[in-house]
Amino acid sequence: MSGMRRREFVILLGGGAAAARPLAARAQQPMPVIGYLSSRSPDDTAHLVAAFRVLTTTGGEPSAFAAKAATSTIPIVFTTGDDPVKQGLVASYNRPGGNATGVRLLTTPAELKRLGLLRELVPQATTIGVLLNPGFSESASQLRDVQEAMPTLNLQVHILRASTDREIESAFEEVAAQGIQALAVAGDRFFDTRREKLVALAARHGVPTIYHFREYAVAGGLMSYGVDASDAYRLVGVYTGRVLKGVKPADLPVIETVKFQFVINLKTAKALGVKISDNLFSLVDEVIE
């Protein structure tokens with residue numbers, strides 16, 4: 001592709017479906033060609049791809065690392081749940097530098113909020129579990145947050161770890177064996193790809209569980225609290241449009257998402273015999289029935 005006649009760049013989706021296709025030419029005028037790269041399967045987050053197509057485009061990680069390794073000139077717009085500065089994707093939030101910028105989904109800072117919601121959901125619980133993936137780069141930070149929250153929660157917190165399918169199954173077996181009365185699944189990309197499995201195991205063991213994305217509640221999970229991923233992808237679409245108009249990624253600060261949503265699946269609550277308090281209902285953004 002040459003000069004000003006056609007501009008190209010890469011949009012990376014850390015939590016969505018893989019797709020790459022050129023935009024159709026309109027009235028014989030050359031259109032921008034956008035590369036769409038993802039580490040996830042098409043079926044896993046098709047709704048996010050739909051949000052991406054409505055506006056313009058979206059981004060990614062770990063796909064971002066592959067793209068940065070492949071080019072230092074083609075602009076890259078990414079989404080990431082990790083700290084992009086710590087991960088080396090950008091030089092700083094305000095001045096990204098290089099050819100990449102994007103949106104950070106604040107998945108880990110909400111761990112404290114999720115634990116508080118779980119505590120209110122099951123006030124009689126004396127022990128709750130927290131499932132972490134030790135292979136996730138933010139797991140140490142997640143663990144510190146949980147440990148700091150324990151005194152205010154006034155209950156025992158049992159840490160469970162899993163980074164494979166078998167370890168996930170073992171973790172739920174431990175939940176049953178230890179008499180853990182409620183569970184929080186920490187934000188993690190691997191867990192997102194095992195959403196159906198996690199929801200099914202929680203139902204099988206009858207353990208009230210909270211997750212970090214709405215998609216878990218849609219799939220039958222009891223509750224979710226976390227960033228609105230579709231809104232984050234919309235923001236990436238906005239950045240995509242600005243890059244297409246000639247703005248350099250180095251001049252676009254990395255955005256941190258600020259829109260959160262609390263979702264309850266009422267059907268699952270009834271199946272588990274869990275009563276949703278009036279206070280929780282007053283906080284909820286969406287009830288799935």
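Extending each Cα 7 Å along its Cβ direction at residue 250 and residue 120, get the distance between those two points in nm, one decimal.
Between residue 250 and residue 120, the simple spin-label model gives 4.7 nm.
Where both partners of a DSSP beta bridge lie in segment 105-228, what percent of those bridges are antiparallel, to the nearest 5?
Taking every DSSP beta bridge with both residues in segment 105-228, the antiparallel ones total about 0 percent.
Per 0.36 nm of contour for each residue apart, how much would the distance between residue 154 and residue 141 grow if the chain were fully extended, relative to their Cα-Cα spacing?
Roughly 2.6 nm would be gained on extension.
What FRET efficiency comes out for the pair residue 193/residue 231, r = Cβ-Cβ distance, R0 = 25 Å, nearest 0.05?
Efficiency for this residue pair is about 0.70.
Report the Cα-based extents of segment 184-289 along its three principal axes, largest first, to the nearest Å.
55, 30, 19
Roughly to the nearest percent, how much of the accessible area of segment 93-165 is carbon and sulfur, given a 1.4 Å probe?
Its accessible area is 50 percent carbon and sulfur atoms.
In square angstrom, what is the accessible area per residue of segment 144-249 with a 1.4 angstrom probe?
42
Excluding residues on the same chain fewer than 8 positions from residue 68, give the aspartates and glutamates whose Cα lies under 15 Å from its Cα.
Result set, ordered by chain and number: 8.
What base-10 log of the normalised intensity I(q)/I(0) is obtained for segment 86-143 from the Debye formula, alpha carbons as equal point scatterers, at q = 0.16 Å⁻¹?
One equal scatterer on each Cα of segment 86-143 leads to -0.68.
Which whole-percent values make up P(r) of segment 141-193 when all C-alpha to C-alpha distances are grouped in 10 Å steps starting at zero?
All Cα pairs, binned at 10 Å, distribute as 20, 52, 27, 1 percent.
Give the calculated FRET efficiency between residue 92 and residue 164 to the nearest 0.05, with a Förster radius of 30 Å applied to their Cβ-Cβ distance.
0.25
If I take R0 = 25 Å and measure r between the Cβ atoms of residue 238 and residue 112 in this structure, what FRET efficiency does the formula 1/(1 + (r/R0)^6) give, to the nearest 0.05?
0.30
The values are calculated or read from the model by the stated rules, or taken from the named source; none is laboratory data. Keep in mind that this is a model prediction, so the values were computed, not measured. As a convention, Cβ positions derive from the backbone with ideal geometry for all residues, glycine included, and neighbour counts pool all protein chains shown. What goes into the accessible areas is simple: the full protein's heavy atoms, side chains included, and nothing from ligands, DNA or RNA. Shrake-Rupley method; radii C 1.70, N 1.55, O 1.52, S 1.80 Å.
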